[in-house]
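First comes the structure, then the notes that go with it.
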Amino acid sequence: MVRGAVIDADDIGARLRQIRDRIDGVERAWSHQVAVVGVTKGFGDDAVVAAVAAGCDAIGENYAQELLDKRATIERLAPEVHFIGRLQRNKVRQLAGIVDVWCSLDRASAIDEVAKRAPGRRVMIQVDTTGDPGKGGCDVGEVASLVERATERGLIVRGLMTVGPTGADSEAARPGFRRVRALVDDLGLAECSMGMSGDLVVAVEEGSTEVRLGTALFGARPPRPAPSG
């Protein structure tokens, strides 16, 4: 289990209120509400407890083992759980009873595995808008066919997800965010998940329906332990 500084639930609640006020203050051509997913990656169970108490719309996890380590707390509190990391097919069976929304499907094999292990679940197709290695996501030209494949296999395609460029000014994310929003509209999908702690304002301006926030809510993450051996 990853352990960091103790998370103060009252502090997280205050931060979430500030974030919602910030979102509400963004000038945009969209009237929809923007959901906040509290990304508890790198933190212990207390982050899940604090996120639920504060009123986050969901929690998000990137790593299968961290999510499994938090299973007892998640089952007790029953938040909506989003898996937002790169998905390894061999982990789907272990996670099938915990994950409510699979947010990073970017290839046919992953879609097929989720459809097999978690039939009828909600999913999002992850789109690569940066070309950054290691982030995952399908090419823009593959989106429609992957949405069709997931739908044909009985999954509920909730929308599209993307991640902005790493280490760049938030404005660098704008073209990609705009393109994903256009795809969401063209395909008649409901959700557009984009924006993290560093680029949430640009994401909201460009029509995000869901932002995924870790450090903005919980502070700096503790370093991941080095692999043993």
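Only the coordinates and a few stated rules stand behind these numbers; no lab work does. Everything numeric here is computed off the predicted structure, so don't read it as measured data. Methodologically, a virtual Cβ is constructed for each residue, glycine included, from the backbone with ideal geometry; neighbour enumeration extends over all protein chains shown.
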- Could you state the orientation-averaged shadow area of the convex hull built on the Cα atoms of region 83-212, in nm² to one decimal? 7.1
- How compact and how long is region 1-91, expressed as Rg and Dmax of its alpha-carbon atoms in Å? 14.3, 43
- Message: Once you keep just the Cα pairs under 8 angstrom separated by 6 or more residues, what percentage relative contact order results for the chain?
- Response: 21
- Note on the structure: Answer in debye to the nearest 20: the dipole magnitude of the chain about its Cα centre, from +1 Lys/Arg and -1 Asp/Glu charges placed on Cβ, is 700
- Only Lys, Arg, Asp and Glu count, each charged at its Cβ (+1, +1, -1, -1), so figure out the dipole size of region 145-201 about its Cα centre, rounded to 20 debye. 100
- Quick one: if you stick a label point 7 Å off each Cα along the C-beta vector at Arg71 and Ala168, how many nm between them? 3.9
- Which one of Val34, Ala64, Gly207 is farthest out on the positive end of the charge dipole of the chain, using unit charges on Cβ (Lys, Arg +1; Asp, Glu -1) and the Cα centre as origin? Ala64
- Message: Just the number: Rg to Rh for the chain, Cα atoms, Kirkwood Rh, two decimals.
- Response: 0.94
